[in-house]
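*Asks:* Have a look at this one before I ask anything.
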Amino acid sequence: MGGFMLYVDGEPCLTLRPDYILKLIHERCAYIDVPTLTKSQIQDKNKGNAISKGFVMFQVAWSVMQL
């Protein structure tokens, strides 16, 4: 999903990994605005429903049986 992007002077600098974000926050090496994510914002990204998930499970099972 790309993760979080570190911007320096309004320009994208690099993509941050979770361990690197925590290191920067704890060491206060750089000023980072920690985003506030709610449960509803995270669940909004879930685009799958029961039918699509069931279809994927069927495809995986079929592939395993073919092997």
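*Asks:* Translational diffusion coefficient of the chain at 25 °C, 0.890 mPa s, Stokes-Einstein with Kirkwood Rh over Cα pairs, in µm²/s as a whole number.
*Replies:* Translational diffusion coefficient: 157 µm²/s.
*Asks:* Multiply the residue separation of Ile25 and Leu67 by 0.36 nm, subtract the distance between their alpha-carbon atoms, and state the gained length in nm to one decimal.
*Replies:* 10.4 nm
*Asks:* Where does helix 50-66 land angle-wise versus the long Cα axis of the chain, in degrees 0 to 90, nearest 10?
*Replies:* Helix 50-66 sits at roughly 70 degrees to that axis.
Any read-out appearing in this document is the output of simple, stated calculations on the displayed coordinates, not a laboratory observation. Keep in mind the model is a prediction, meaning the values are calculated, not measured.
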